[in-house]
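Participant: Here you go, one structure.
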Amino acid sequence: MLVNTKRLQDKMDAENLDGIVAATLPNVLYLADFTSLALSGFPYEGQCYAIFTRDSIENPTIVTSTVEMDQMLDGHARDVVRFGTFYREDLFESGHLSADEQWLYDNSVLSTVVDTPLEALIAALRKLGLQDKRVGIDELGLLDGYFEAVVEKLPHATFSKASSLLRWVRKVKTETEIARLRKSAMMTEQAIRAAAAIAHEGVTEYELAREFERSIVGQGGRPQFTMIRFGRNAVAGQRLPGRTMLAKGDTIWFDVGATYGGYWSDIARIFCLGEPTERTKNLYSALLEGEIVGIAETKVGMTGAELFNITMEATRKAGHTAYRRHHVGHGIGAEVYEAPILRPSSQEIIEAGAVINIETPYYEFGLGALHVEDPYVVRADGNHELLTTLGRELHVIPF
């Protein structure tokens, strides 16, 4: 299971909640293990909810449109309240449906349907006996006015906002989540290798980016961002990879990410066509030392700000004395940026089981960018688990 049942139950007890409505893409994925096309493809009007009581966390009731009900077959939840019209014709001979087809027929053709997501949400809350209970709602996923409408329609219930609660719960990962993050990182590393393998004088950023994305798709993942820039171009790294051709002495900046089963990777590496300059080597060595020390010095119970300070100090001590940075990493999971953010103001506590993406990027006009970034699992005994295997040195491509 993706969901950390005990952590969620304990939080519900602490907040005195009888039920919760998950309504955002990562939270529905977390509870129901499918990626809602309504939430990902229709961000202004798509609605899909996973609703559960304290004792039904692992078997939530899904509220979704009739058209999207087939997606439930990719997850584990089977209890559903549907809304809206979609036609799946039943011109078949009896007895010729598979088990999945029969479930879909029973639930998207024969079952009761209501018109709107709001009606379906209220019906599901009643179905679960939450019409007079204390319910947290993932408010960031609701259409404008829905929260107030639910409060009005169910006046005997008490509703509170729960988006931050669910994000807090997701900070500590289950082993199933870690396995997906490990797989996502592995695919991304392999795609970096594939792109680097075609690096030669005259190849373009665009060609390397396409090779990276082909590799991700070929491994069963989804490319999410592909920032690959040559030399000085990397100072504007978030621009699209262009037609700049690789030349001897150029660095190749990879800051790339993908998803596998809804879980993210975010990895950075530097390659160089031929030997880099001494200054580039020295700067990169300091950045890498900052990351290495940051991982090694991570302790359960410290704040994001404390780990930020450790990483920054190590980078400066290693020789990059003027290094400046607004953050040096973030949690990662069903979202690419999760708590804690490693920045000077962060009072978020680092917990065992969190997965942190630590990074020490450096951008300079005329130079470009130098960058190393890796995810690791925070373990209580201090033996933190790095989820990447691709060497973190400055990679030199023979020329």
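Participant: Taking ARG88 and the conditions (1) surrounded by fewer than 22 Cβ atoms within 10 Å (Cβ to Cβ); (2) within 24 Å of TYR146 (Cα to Cα); (3) of a type outside the set (Asp, Glu), which numbered condition does it fall short on, given that it satisfies the others?
Facilitator: (2)
Participant: Here is a follow-up. Specify which of the listed residues (ARG167, ARG126, ARG180) is assigned to a helix (DSSP H, G or I), in contact with a helix residue (DSSP H, G or I) (Cβ under 9 Å, 6 or more places away or on another chain) and among the basic types (Lys, Arg).
Facilitator: From the options ARG167, ARG126, ARG180, the qualifying one is ARG167.
Participant: Going through segment 349-361 one residue at a time, which ones are in contact (Cβ under 8 Å) with a residue 60 or more places away in the chain and crowded, with 21+ Cβ neighbours inside 10 Å?
Facilitator: Selection gives ALA354, VAL355, ASN357, ILE358, GLU359, THR360.
Participant: Of all residues in segment 213-244 being closer than 22 Å to SER40 by Cβ, among the hydrophobic types (A, V, I, L, M, F, W, C) and within 21 Å of the chain's Cα centre (by Cα), which is most open to solvent (accessible area, probe 1.4 Å)?
Facilitator: Checked segment 213-244; the qualifying residue most open to solvent (accessible area, probe 1.4 Å) is VAL217.
Participant: So which of ASP138, ASP115, ASP132, ASP144 ends up being closer than 22 Å to ILE62 by Cα, acidic (Asp, Glu), open to solvent by less than 60 Å² (accessible area, probe 1.4 Å) and modelled with pLDDT of 95 or more?
Facilitator: ASP138
Participant: Starting from residues that are out of contact with any Cys (no Cβ under 8 Å at 6 or more places or on another chain) and open to solvent by less than 10 Å² (accessible area, probe 1.4 Å), keep the ones in segment 4-28 and report whichever is nearest to GLU177 (Cα to Cα).
Facilitator: Filtering first and then ranking leaves ASN27.
Participant: GLY290 - would you say it is under 30 Å from GLY202 (Cα atoms) and open to solvent by less than 40 Å² (accessible area, probe 1.4 Å)?
Facilitator: No: the conditions fail for GLY290.
Participant: Considering (1) open to solvent by less than 10 Å² (accessible area, probe 1.4 Å); (2) touching a Lys or Arg at 6+ places or on another chain (Cβ under 6 Å); (3) part of a strand (DSSP E or B), say which one TYR323 fails and leave the rest.
Facilitator: Of (1) open to solvent by less than 10 Å² (accessible area, probe 1.4 Å); (2) touching a Lys or Arg at 6+ places or on another chain (Cβ under 6 Å); (3) part of a strand (DSSP E or B), only one is false for TYR323: (3).
Participant: What is the residue count in segment 364-381 for residues that are open to solvent by 30 Å² or more (accessible area, probe 1.4 Å), farther than 25 Å from GLU335 by Cα and in contact (Cβ under 8 Å) with a residue 40 or more places away in the chain?
Facilitator: 4
Participant: Does segment 149-196 hold any residues that are basic (Lys, Arg) and either modelled with pLDDT under 95 or surrounded by fewer than 17 Cβ atoms within 10 Å (Cβ to Cβ) (or both), and which are they?
Facilitator: Hits for segment 149-196 are LYS153, LYS161, ARG193.
Participant: In addition: Any residue in segment 231-242 that's more than 22 Å from GLU275 (Cα to Cα) and in contact (Cβ under 8 Å) with a residue 12 or more places away in the chain: show its pairings with residues that are surrounded by 14 or more Cβ atoms within 10 Å (Cβ to Cβ) and polar (S, T, N, Q) at Cβ separation under 7 Å, as long as the two are six or more apart or on different chains.
Facilitator: PRO241/THR226
The values are calculated or read from the model by the stated rules, or taken from the named source; none is laboratory data. Just so you know, these numbers come straight off a predicted model, no measurement behind them. Quick reminder, even Gly has a Cβ in these numbers, built from the backbone with ideal geometry, and neighbours come from all protein chains shown. Calculation scope for accessible area: heavy atoms of the full protein, side chains included, ligands and nucleic acids excluded. Shrake-Rupley method; radii C 1.70, N 1.55, O 1.52, S 1.80 Å.
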